[in-house]
1. Does Glu371 fit the bill of being surrounded by fewer than 15 Cβ atoms within 10 Å (Cβ to Cβ) and at pLDDT 75 or above?
2. If I filter the stretch 374-386 down to residues being more than 13 Å from Ser338 (Cβ to Cβ) and of a type outside the set (A, V, I, L, M), which single residue comes out as surrounded by the most Cβ atoms within 10 Å (Cβ to Cβ)?
3. Filter the stretch 126-140 for residues that are open to solvent by less than 50 Å² (accessible area, probe 1.4 Å) and not in a loop (DSSP other than H, G, I, E, B); which is modelled with the lowest pLDDT?
4. Say we look at the stretch 1-58 and pick out the residues that are modelled with pLDDT of 55 or more and of a type in the set (Val, Ile, Thr); which of these is most open to solvent (accessible area, probe 1.4 Å)?
5. Could you please let me know if Ser332 is open to solvent by 20 Å² or more (accessible area, probe 1.4 Å) and at pLDDT 75 or above?
Amino acid sequence: MTTLVTGVFLLRSSQTLASQQTALRLKDAAKLVASQLDADAIAGLRDPSQMTSTAYQQAHAALTGALPDIDGIHYIYTLRKAEGFIKDPFSRYLFVVDGTPYNDKDFTAIGVVMPTSPSTDALHRVWSTGKFEVDRTFVTDQWGTWMSSYIPLIRSDGSFETVLGIDISAGKVVKERNQILGNISQSYLLSLLLTLPVAAIAGVLITKPLRDEQQRVQTISRLKEAETLALLKAKLSSSLQAAAVAHEINQPLSTVLLNSQLLLHQGEGTDLLPAPARDQLQNLAMEAQRMVTTIEKMRTLLRNVQTEHQRIDLREVARSAVLYARSATAASRLGLDSSGLEEEASGPAWIEGDGAQIQIAIVNLLRNACEALVEADVQDPRIGISLHRDGAHWLLTLADNGPGFRGDESDAAPLHTTKAEGSGLGLFVVRTTMDHHKGGMDLGCSEHGGALVQLRFPAA
């Protein structure tokens, strides 16, 4: 790519330099020849019969004599504007004195129209500027391809009726361009040969620290991945062992609870159980129920550790969570608005994750919101859930118009709760779920003054 750009630059530079040099040479030549011509005498030449006059012969000799003295010049001539009827815009100029030798087939007599085109810009401009003008590009006509220049032939009174034209062939300009291009290319190659070794050494010195830093970062990343994997394996091993213990405890404990409740039910309204025994049996059933509840909390936490990730649609998971919440919580009568899940329904919200675990987390948040609204006895209670793309993440937002969060709720430990009937698992389960999905949870205040929870999931 660099070589291509350099080649284009060199080509354009050589073309520019060649055109500039040609324009300067034409200007110098035009001024020199114009100084040898009698502008007043040439202005009086209007008819072919005057071609034998002294004024014409002198002007023709001066122009013809200049041809071999100016390298690359092929045509030299004088022109004037046509008068009277002009058949088209390209027939506005007439030959006065043509510097071509008389015996040349291209010799043109006085009064013959010089065909032009819109690209003959220098000839059109010289009449308005009254100074030397040169074509901006090559012009092709019946005689070939040229770059032409024109200079006014100023009369003794300061006016001008004729201009001197000089044509240089395109071949001459191309030859000069090639010479310049060759010189520039040689200079470029020489500088390249001198700078390449220096650039190579500098490149090594500059990139070595960068390569070393990159290797260091990669090493740290691999170590962190290994530590994370080992930690997850340890958590999984611990959770499996704890799950087995919980299961073994839960079996006999459930039997104790069931039997105590059965005895209390059978003895209700009779004298089969003395009052002290009934009180002790009620205490036993209550404590057994507390232990069963605690074990269920442990099992919920353990399920949250054991996870398998796969490609899932977060939008469908959220819809399922809303459907479950409407049937199993007070959400159906509190005004749960899930229309925000459909705002970007043009395609799935793909993530890598555990659908069941995420659904449990969402249901926990919806249950917490419902319980807070009921406990605070909020008038016209509302809960909203929405999903939208935020850069490289999917953002799931839940908001209500309840009392909002207390300052310490986001950092609460598992099994700790501020509610009379709470399990103490809601936010802890959600935060654990987001950790497992390399996401994040933010708590705040909704636009209605209630609680706001935002879950960020990396998009797949």
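1. no
2. Initially, the stretch 374-386 is screened for residues more than 13 Å from Ser338 (Cβ to Cβ), giving 374-381.
Still in the list and also of a type outside the set (A, V, I, L, M): 375, 377, 379-381.
Working: Glu375: 14, Asp377: 7, Gln379: 6, Asp380: 8, Pro381: 22.
The selected residue is Pro381.
3. Taking the stretch 126-140 as the starting set, the residues that turn out to be open to solvent by less than 50 Å² (accessible area, probe 1.4 Å) are 126-127, 130, 132-135, 139.
After this cut, where a residue has to be not in a loop (DSSP other than H, G, I, E, B) as well, the list is 126-127, 133-134, 139.
Working: Val126: 92, Trp127: 90, Glu133: 93, Val134: 90, Val139: 72.
For the stretch 126-140, the residue satisfying everything is Val139.
4. From the stretch 1-58, those modelled with pLDDT of 55 or more are 16-58; that's our starting set.
Retained after the next criterion (residues that are of a type in the set (Val, Ile, Thr)): 16, 22, 33, 42, 52, 54.
Working: Thr16: 72, Thr22: 0, Val33: 5, Ile42: 3, Thr52: 118, Thr54: 96 Å².
Out of the qualifying residues, it is Thr52.
5. Working: open to solvent by 20 Å² or more (accessible area, probe 1.4 Å): yes; at pLDDT 75 or above: no.
When the stated conditions are applied, Ser332 does not pass them.
The values are calculated or read from the model by the stated rules, or taken from the named source; none is laboratory data. All figures in this text were calculated on a predicted structure; none of them were measured in a lab. Note that we place each Cβ from the backbone using ideal geometry, even for glycine, and neighbour counts take in every protein chain shown. Accessible surface is based on the protein model in full, side chains and every heavy atom, while ligands, DNA and RNA are left aside. Shrake-Rupley method; radii C 1.70, N 1.55, O 1.52, S 1.80 Å.
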